[in-house]
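Here, each number is a calculation from the coordinates, and none is a lab measurement. Owing to the predicted nature of the structure, the values given are computational and were not obtained by experimental measurement. With ideal geometry, Cβ positions are generated from the backbone for all residues, glycine too; neighbour counts draw on all protein chains shown.
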Amino acid sequence: MIDAIFDAQTGRALVSGLFLAIATAPIGVFLLVRRLALVGDALGHAVLPGATLGALLSGGASWGISFGAAITGSALFGFAASVQKRMKLQEDAVFALFYLGSLSLGLIIADIGGAQVDLEDILFGNILNLDNFTVFLSVFAGIISLGGMAYIYKPLLLSSIDKNFLENSPKIKNANGIFYVLLALVSVAAFQSLGTLLSVGIFIGPAICAKYWGGEIKRQMLTSVFFSIGAMILGLVFGRILEINPAPLVVLVLVICAIASAFIRREF
Amino acid sequence: MELVIENLAIGFGETNLFAGLDANLKSGESLAVLGCNGTGKSTFLRALAGLNTAKQGRILVSSNRLCFLPQTFEINKEIPISVIDFVELGTLALENTKEAVQATTALALVGIAPLAKKLIGQLSAGQFVKACLARNLVSNPDILILDEPFASLDATSAQEILQLLENLKALGKIIVVSIHDERLSIGFDHFVTLSGSQAKWEYKKPTHKHECELHDCKAEIEQAA
């Protein structure tokens, strides 16, 4: 049975999943404290039109899907930020509007693409059937994200606490820019494994769990990685045992952990 | 080190909050900016800090180590960070962190060293103002611009901050503070009194400081009405 669970595909899924866990959890902690949980969700959906178009043009190749996703993900962020002032709406309202638009556009492209676009894989991920490119992208995103977050940690923390202090400092502006680039990169890497609908769960779920276990933000980032890795392993193992897509299991484990943490750690 | 204000006009659109202000502050001198609500104290201070553009005139500062403490903070206190780490973030204002003052020293200066390990969300309003002041002090500023720092402090804390400002003056810093309660302005070297709709301004030399007559805001408002 052990052999059946830990075959080559599961091994690849595990490598990809562990690097994604390391990449997403610290970013998720910052999304949560900056009250940007919806932005992560929006970005997950924002990649859909590009992903479906990439699948359509490349015949379903993962590099084409990722490339398309990266382009629309970045474009949405740039566009949403530029029109926010014009529309005089809160940031979350603008992102909500754009993610609904992205979702609709993606579904239309998928419908046009017909059999060439595997919408289920794009929406819910296919972590047990990853090719080399996708595994490499997850490893790359994990390393870059970890290094990037360490590099921008202090200025990002400062701007998360007090956005007015040193508001014109290039250090702060650069840190915020890099944070969104990392978020876009990791989102693109994550959605092929967990899908556009579920990938936000691996960002926000571990962060919510960690919040209840207390400590300073550095410790919460570390705790969130543990929850993220744990959920990834449990999801994969049970996915193999039950022979179902592990992505919803990973997210479900995180949701259960978050609710359980809230009850166990009532003082928070 | 010097802070020179030449023929300064501050306002919005075509309305001047005040105009024609000249002032000159040297190392180790302090300026109290007095006036009612809405007379432009915060706008003036933000202009001094380079965050607002003056309508007219010039502000010349001979040091780029200038820090500004706003009147209201949009601080996310839910972020779990200790006071010492929060204060240490002030070093980001510096290009070269070797020039920074130790966070522990800054906390001791403002009198909250025992709170170093507490989370910022656990501080009282007054303690938090002191923590913010300490965060500004780690960048070792030459000029401190503080917008109504006493607003949320009790009398004892306000006196502690006043004493701290005296100590900083003795270290050669230039201090500019807007103050709502004129009783706290005793001890400052210079005064600018902003008087709202009449766009009057007053700048008094140190020798005149005890003769400084503060405008009766209520009387002015009634007169204007």
Residues of the range A:35-59 with backbone N under 17 Å of the label point set 7 Å from the Cα of A:Ile108 along Cα→Cβ are A:46-54, A:56
What share of the DSSP beta bridges in the protein assembly as shown is antiparallel, in percent to the nearest 5?
45 percent
Approximate spin-label separation B:Leu60-A:Glu243, in nm, with each point projected 7 Å along Cα-to-Cβ:
8.5 nm
When the Kirkwood hydrodynamic radius is evaluated over all pairs of different C-alpha atoms of chain B, what value in angstrom, to one decimal, is obtained?
18.1 Å
If you bin every alpha carbon distance in the range A:26-122 into 10 Å steps from zero, what whole percent lands in each bin?
18, 43, 29, 10, 0
Considering all projection directions equally, how large on average is the shadow of the alpha-carbon convex hull of the range A:2-262, in square nanometres?
13.8 nm²
In cubic angstrom, how much convex hull volume per residue do the alpha carbon atoms of the protein assembly as shown span?
173 Å³
Listed residue pairs exceeding 26 Å between alpha carbons, taken from B:Lys41/B:Lys117; B:Lys26/B:Lys118; A:Lys171/A:Lys218
B:Lys41/B:Lys117; B:Lys26/B:Lys118
So what is the 222 nm mean residue ellipticity for chain B from helices alone, if each DSSP H run of at least 4 adds -39500 (n - 2.57) and you divide by all residues, rounding to the nearest 500 deg cm²/dmol?
-7500 deg cm²/dmol
Rounded to one decimal in nm, the spacing of the 7 Å Cα→Cβ label points at B:Asn7 and B:Glu99 is 3.2 nm
Hey, for a label at A:Asn129 modelled as a point 7 Å past Cα toward Cβ, could you say which residues of the range A:226-266 have their backbone N under 20 Å away?
A:235-251
For the pair B:Ala108 and A:Asp7, how long in nm is the line joining their label points, each one 7 Å along Cα→Cβ?
6.7 nm
At a Förster distance of 45 Å, what's the computed FRET efficiency of B:Thr15 paired with A:Ile178, Cβ-Cβ distance as r, to 0.05?
0.65
Please list the three semi-axes, largest first and in whole Å, of the ellipsoid equivalent to the range A:165-268, using sqrt of 5 times the eigenvalues of its alpha carbon gyration tensor.
28, 20, 9
